[in-house]
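Down below is the structure, laid out as structure tokens.
The values are calculated or read from the model by the stated rules, or taken from the named source; none is laboratory data. In this text, all values refer to a predicted model and were calculated from it rather than measured experimentally. Positions of Cβ are generated from backbone atoms using ideal geometry, with glycine treated the same way; all protein chains shown enter the neighbour counts. Ligands, DNA and RNA are stripped out before the accessible areas are found, and what is left, the full protein with its side chains, is counted by its heavy atoms. Shrake-Rupley method; radii C 1.70, N 1.55, O 1.52, S 1.80 Å.
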Amino acid sequence: MNLHQCYQLLDLKPPVSLGELKSAYKDMVQVWHPDRFSHNPRLQEKAQEKLKEINTAYKMIEQSIKLGQTFQPYPESSRSSRSTEASGDRQAEPTYQPTGSRQDPTSPWERLNYRVKLQLTILAYTIAFLLGLILTMFAIYLLIAFPLISGIGIALVSLYFFLRYISRQQTRSSKRKP
């Protein structure tokens, strides 16, 4: 089975993303699942064969996407000469060739597996924790090394909140008097 047949089997047109591939695969599995034909052993056997083909097609396309290969039709001139040689006047299906360029529209994060995503998330949280720890230690250093400057800052913040408190008290008392 070649990749063109795989795309046809899953009813896809290249290039596709991994998400589109998985969606088409799930649809075909639902249609051809052997348990749907449990009442007829002959149909169940055909469905098992079809499901094997669908699994093979899915694996082949998935592998080509992971390798970064996309498939595009041969140029019209070479395709038209092949189609007339092979089938006379009948026009043949386009044959696809690997281009090697990646045209997968999914983000790089979506292409990562679960383990790598977990490791990157842990790394990001570790870096954020360490940066927070460093900033906290720097703030403590400033308080210890420059007590006058930090004392003035603390005094100004305290003064602001004290004046705010007094202002609110005066506003409340003026609203109470008729």
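Looking at (1) loosely packed, with under 10 Cβ neighbours inside 10 Å; (2) at pLDDT below 80, can you tell me which one Pro147 breaks?
(1)
Do we have any residue at all in the stretch 116-134 that's more than 30 Å from Gly19 (Cα to Cα), touching a helix residue (DSSP H, G or I) at 6+ places or on another chain (Cβ under 7 Å), of a type outside the set (Phe, Trp, Tyr) and surrounded by 10 or more Cβ atoms within 10 Å (Cβ to Cβ)? Give the steps one after another, and end with the answer.
Here is the first cut: in the stretch 116-134, the residues more than 30 Å from Gly19 (Cα to Cα) are 126-134.
Subsequent filtering for residues that are touching a helix residue (DSSP H, G or I) at 6+ places or on another chain (Cβ under 7 Å) retains none.
The answer is no, given that none of the residues of the stretch 116-134 is more than 30 Å from Gly19 (Cα to Cα), touching a helix residue (DSSP H, G or I) at 6+ places or on another chain (Cβ under 7 Å), of a type outside the set (Phe, Trp, Tyr) and surrounded by 10 or more Cβ atoms within 10 Å (Cβ to Cβ).
Kindly indicate whether Arg172 is open to solvent by 60 Å² or more (accessible area, probe 1.4 Å), modelled with pLDDT of 65 or more and not in a strand (DSSP E or B).
Against the criterion (open to solvent by 60 Å² or more (accessible area, probe 1.4 Å), modelled with pLDDT of 65 or more and not in a strand (DSSP E or B)), Arg172 qualifies.
If Thr84 meets every condition in (1) under 20 Å from Leu3 (Cβ atoms); (2) at pLDDT below 80 apart from one, which number is that one?
Among (1) under 20 Å from Leu3 (Cβ atoms); (2) at pLDDT below 80, Thr84 violates only (1).
With the checklist (1) under 20 Å from Met1 (Cβ atoms); (2) more than 28 Å from the chain's Cα centre (by Cα); (3) surrounded by fewer than 15 Cβ atoms within 10 Å (Cβ to Cβ); (4) basic (Lys, Arg) in hand, flag the one item Arg36 doesn't pass.
All conditions pass for Arg36, except number (1).
Among the residues of the stretch 65-81, are any farther than 30 Å from Ala124 by Cβ and at pLDDT 80 or above?
no
When the stretch 1-43 is examined, which residues are found to be in contact (Cβ under 8 Å) with a residue 12 or more places away in the chain, among the hydrophobic types (A, V, I, L, M, F, W, C) and over 25 Å from Ser107 (Cβ atoms)?
Hits for the stretch 1-43 are Met1, Leu9, Met28, Val29, Trp32.
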